[in-house]
Amino acid sequence: MSIRNFGKLFDPGSVAVIGASQRPGRPGTVVLNHMAEGGYAGALWPVNPKYDSLLGIACYGSVEQLPQAPDLAVICTPPATVPDLIAQLGKRGTRAAVVLTPGLERETRWEGTTLHQAMLDAAKPHVLRILGPGGVGLLAPASGLNASLAPSRLPMGRIALLSESDAVMTAALDWAHLHDVGFSKCVSLGERGDIDLGDLLDYLADDDETGAILMYVESVVCARKFMTAGRIASRAKPVIVLKPGGGPGDDVYDAAFRRAGMLRVHATEDLFDAVETLGRAKPLRGEKLAVLSNGAALARIAAGAVAQADGKLAGDPVILDMDAPPETCAAALQALLAPAGAALAPDAVLLVFAPSQGVDAAAVAQALVAPVQASGKNVLSCWLGGETMAPARQVLAQAGLPTYDTPEQAVHGFMQLVQYRRSQDQLNQVPGALPRASRPEREAAHALVLQAIKEGRTVLDGADACAVLAAYGIAVADPGAGPGMRLARALAHELAITVETDPMFGPVIRFGRGGAAAELVAGLEDEQAVGLPPLNMVLARELVERTRVARALAGVRNGPRLRPAADIDALCHVLIQVSDLVADTAELVSLTLDPLLADAQGVLALQASLQLGAPRAGHAQAIRPYPQELEQEIQWQGAPLVLRPIRPEDTPQHREFFAQLQPEDVRLRFFSPIRELHPNQLARLTQIDYDRAMAFIASRSMPDGNPETLGVVRAVADPDNRKAEFAILVRSDLKGMGLGAILFQKLVDYFRGRGTAELVGEALSENSGIQQLVRRFGGTVSPSLEPGMADLRIKLQDP
């Protein structure tokens, strides 16, 4: 994962167009015209030995003749020339290129090496980043950069568009141009030689110009990189993804997007709706939508669309007369936005207006702007009609309000906001603590697996499967007792849990109906749900609730026969135990628990089998599981102390830890006084992506057996693993007892082991404690460019 030299790609000080031309239809002609006409203020250098000048700009015969190395090169020359051009550019010092030439993968150079691979080999020594080959190119309106074949000159906006389809990108740009929607960045990935979606998500997550990200995805090439970058990006801003569905493994993509906090849409018009909504909408605080209309029929249509989408109406629609004057419409909207009772307040308002004889629609729209801007809430509008309503649409569009052609589209846009809000809520949910039970007997289970492989057995069932599963606390009936157990628990729900290995995302867990009943409902929607391990209680429960059988498990009547409610917590624990087994057993190819009986007594598998194979590679699991191998027990102050990575289940202890800090210690750590951590902050501090971030806590058991957190040290590495930004905090009453140094040593050892070049941080100049700690570990402290701050730096690798 790398975003090295992306600054040169999106904000170059100079651009060379190699293969520039003025012959009609040539890519070099199109790109040069776009660059010359797009407002780019940097140096523009056409390169083509056939011309002395183009568009009145001096033209150079070769890369060597350029005045200096261009920050960005746009290559529009035949395939065979590309590798040598990349080598020349890299040698001169260029660090970014857009290769618009397609088809390099189809042509070989020598000894079977494709031109595509030769291009990458030429770039690698210079860390020259390549977008493409092929594709449409990129646009960065803030820089006046249009290094693309796209026809539009775009206004600046807050949406980034990433596309693996040229047609989708050009269509989206054309639509946005028609609707006056701006973009921050637009990128066509082409044949994905060097830069992929994971890299771009990582860059855009911290891009101040980007407030939302739209993606068209064909496939994912590196699942863990994509998931890590996607989870980071979606915590910072909305990420909407359109991927064609219906093929094998599509439900796995669904699970991946959901786990990353992204909102998936399934149609091109949904993507365009998302452009309109995200380009203008504000963050949504709740889910209640009020409707204001100048017609009863239109109001009913809008209310019906809300009901059909399982949305929430904030009361009955407010219906005005068709000939209501502008001031009446504005007063009605103001009353809706700020009702007398707070409980009645909607979270958003939908305006649905039709043309009316004698009423100036534009004047009505203009009257609505002031109350909308004063409220700070989302107001979506639909001005139903043609040319008569165009001025009204333009008024509200210029005021920054989302506008739609139909009530159904407007409701759909609102529900996209709702779905995004729900995905964020799920990211911030705190999983409940697991019951105190013996740790899985990992070594014993793995020994059984290795012994089976040594003996040439790739399938474990019967007693062998029972033994492996029992090591993880998963109960499996004795093979001979299965029929009798099924009869004894005849009212139990028959379920199934399976594990399979997806070629892209690695192990996935499926849950749904099992036994004979599964055959009757095979293929029906919502009969199965898919999740990516690792799981916790929140994720396991969400996996269960996405299936049709969830209502029956909760004891809700679903048909003529009512089975008693099952112990859903016990079922979720089994899902987590299966997830743990997956994480610990790289040799596990698939697993089946079917039928799995679930009732008030608990969960029992009647049949189980495991398929084994060659160990998975370290990154085969899309999300890195909890690294239990980093747990360490030491003696401190005469008692055991556990140093371990933080877990989402540590949230209650982390809240209590923060509550015991002195205000001065909080100010020194967070640079401002904070009384308590918001739930979102707690979630981000405890639910980390172990692939990029690490947080170690010092934990000990209290007299009642519950754990307490005494200190925490954390750091987040950049995508290039060049530096990791750290912070440390020890409970106020334990300062000066050596705990900070113990924790910091744990962090230093970990990041040195993963190859990170240095740890960096910042502190208030008055924070002498952290400065002494950094110097103790061989680091340096220097004044920051920001007054009152100090920069902290510790080198971890030898030069």
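Values in this text are rule-based calculations from the coordinates and carry no lab data. Everything numeric here is computed off the predicted structure, so don't read it as measured data. No Cβ is skipped: glycine too gets one built from the backbone with ideal geometry, and neighbour counts run over all protein chains shown.
Projecting the Cα atoms of ALA447, GLN409, LEU384 onto the charge dipole of region 348-448, computed from C-beta unit charges around the Cα centre, puts ALA447 farthest toward the positive end. With all pairs of separate Cα atoms included, the chain yields a Kirkwood hydrodynamic radius of 29.9 Å.
So, with +1 on the Cβ of K and R and -1 on the Cβ of D and E, and no other charges, what is the size of the charge dipole of region 281-426 about its Cα centre, to the nearest 20 debye? Provide the component values of the computation, followed by the final result.
Numbers: 9 positive and 12 negative charges, 103 e Å.
Roughly 500 debye, rounded to the nearest 20.
Applied to region 289-300, the Karplus parametrisation 6.51 cos²θ - 1.76 cosθ + 1.60 on θ = phi - 60° returns per-residue 3J(HN,Hα) values of 10, 9, 10, 10, 9, 9, x, 5, 5, 5, 4, 5 Hz, with x for Gly and Pro. Rounded to the nearest 20 debye, the dipole size of region 393-510 about its Cα centre is 320 debye, using +1 on the Cβ of Lys and Arg and -1 on the Cβ of Asp and Glu. Remark: spin-label model distance GLU633-ARG4 equals 4.3 nm, labels positioned 7 Å along the Cα→Cβ axis. When the charge dipole of the chain is built from unit charges on Cβ atoms (+1 for Lys and Arg, -1 for Asp and Glu) and taken about the Cα centre, the candidate among LEU491, GLY61, GLY514 whose Cα reaches farthest toward its positive end is GLY61. Within region 61-148, DSSP assigns beta bridges of which about 50% are antiparallel (rounded to the nearest 5). Checked against a 30 Å cut-off, the cross-linked pairs LYS225/LYS312; LYS185/LYS225; LYS225/LYS377 give Cα-Cα distances beyond that limit for LYS225/LYS312; LYS225/LYS377.
Per residue and in cubic angstrom, what volume does the convex hull of the Cα atoms of region 642-719 have? Walk me through the intermediate numbers first.
Values: hull volume 8.0 nm³, N = 78.
Taking only Cα atoms, region 642-719 has a hull volume of 102 Å³ per residue.
From the C-alpha coordinates alone, can you work out the Kirkwood hydrodynamic radius of region 628-795, in Å?
16.4 Å is the Kirkwood radius here.
Taking amide H positions as modeled 1.01 Å from N, with prolines and chain starts lacking one, the residues under 5 Å from LEU214 and 5 or more places away or on another chain are ALA160, LEU161, LEU162, ILE240. Residues in region 48-57 carry Karplus couplings, in order, of 5, x, 7, 10, 8, 8, 9, 6, x, 10 Hz; the curve used is 6.51 cos²θ - 1.76 cosθ + 1.60 with θ = phi - 60°, and Gly or Pro positions show x.
One way to sum up the overall shape of region 150-280 is the equivalent ellipsoid from its Cα gyration tensor, whose semi-axes run 21, 16, 14 Å, largest first. Near the amide H of CYS382, within less than 5 Å, lie the amide hydrogens of LEU351, VAL352, PHE353, TYR404, all on another chain or at least 5 residues away, with H placed in the peptide plane. Karplus-based coupling profile of region 407-419, in residue order and whole Hz: x, 5, 5, 5, 5, 4, x, 4, 5, 4, 5, 4, 5, with θ = phi - 60° in 6.51 cos²θ - 1.76 cosθ + 1.60 and x standing for Gly or Pro. Near GLY38, no amide H atom lies under 5 Å from its own; only residues 5 or more places off or on other chains count, and H is placed 1.01 Å from N. Between SER701 and GLU327, the contour length at 0.36 nm per residue exceeds the alpha carbon distance by 128.1 nm.
In the neighborhood of TRP383, defined by Cβ-to-Cβ distances under 10 Å, what is the net charge if each Lys or Arg adds +1 and each Asp or Glu adds -1?
Values: positive: ARG393; negative: ASP405.
Computed value for this residue: 0.
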